[in-house]
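Participant: Have a look at this one.
Nothing in this text is a laboratory measurement; each read-out follows from the coordinates by a stated rule. The model shown is predicted, which means the values in this text are computed figures rather than measured ones. Please note: Cβ atoms are built from the backbone with ideal geometry, for glycine as well, and neighbour counts cover all protein chains shown.
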Amino acid sequence: MREQRNAIAGTGLVLFTALALACAGSKDATVTGTVKTKLAADTHVKATEIEVQTSNGIVTLTGNVDSQEAKDTALRIARETSGVRDVKDMIAVREGAHSGEAPSPDRTAGERIDDAGITARVKSRLLDDPGVKGLKIDVDTREGVVYLTGSIPGAAERDKAVQIARATEGVRDVEANFQ
């Protein structure tokens, strides 16, 4: 009888722990969804440019935006969302390679297609290289300038990613914002 009670108590503890972990994951998913919804509703932020991930109430924002205002707004939105304990900023502000100003949104379709091709080539090369965690690197291109963001712990891997991007056809410059 005692063994049965211990087994039932042990099973109850396992179920309680599983339920607690599921709830924690559910809370993170809710926070992520709420932040994404708020970003999508804001007029200063292009939600498609920002990736949102939440772990234990810590929101990580990753991506490339056109202005400091968009970055600041995204960070504020995340910080003001219920359930957020902290926000990790991994957002880069795109700037023209030499002008110091954001590229014009009125670029031609050909320019956008060229940039998309460069982005695809860089991303493909990063994914093909075994020394670089290409899935953890966000690649964006504006006017031939490649913007790399992501969570890459080692300096050697960060340097390799920049080197790969610089050596890709069509790339004029590389801006890296790694953490």
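Participant: Relative to the present Cα-Cα distance, how much length would full extension add between residue 167 and residue 151 at 0.36 nm per residue of separation?
Facilitator: Here the segment from residue 167 to residue 151 would lengthen by 3.6 nm.
Participant: Beyond 20 Å between alpha-carbons counts as too far, so tell me which of 38/71; 36/88; 123/160; 38/133; 36/133; 38/88 fall in that bin.
Facilitator: 38/133; 36/133
Participant: I would also like to ask the following. Can you give the net charge of the other residues whose Cβ lies under 15 Å from the Cβ of residue 28, counting K and R as +1 and D and E as -1?
Facilitator: +2
Participant: Between residue 129 and residue 36, what FRET efficiency follows from the Cβ-Cβ distance if R0 is 30 Å, with the result rounded to 0.05?
Facilitator: Approximately 0.50, to the nearest 0.05.
Participant: Using θ = phi - 60° and the Karplus form 6.51 cos²θ - 1.76 cosθ + 1.60, what ³J(HN,Hα) does each residue of the stretch 49-59 get, whole Hz, x for Gly and Pro?
Facilitator: 8, 10, 9, 10, 10, 10, 9, 6, x, 9, 8
Participant: Moving on to the next point. List every residue whose amide H lies under 5 Å from the amide H of residue 176, counting only residues 5 or more places away in sequence or on a different chain, with H placed 1.01 Å from N in the peptide plane.
Facilitator: 148
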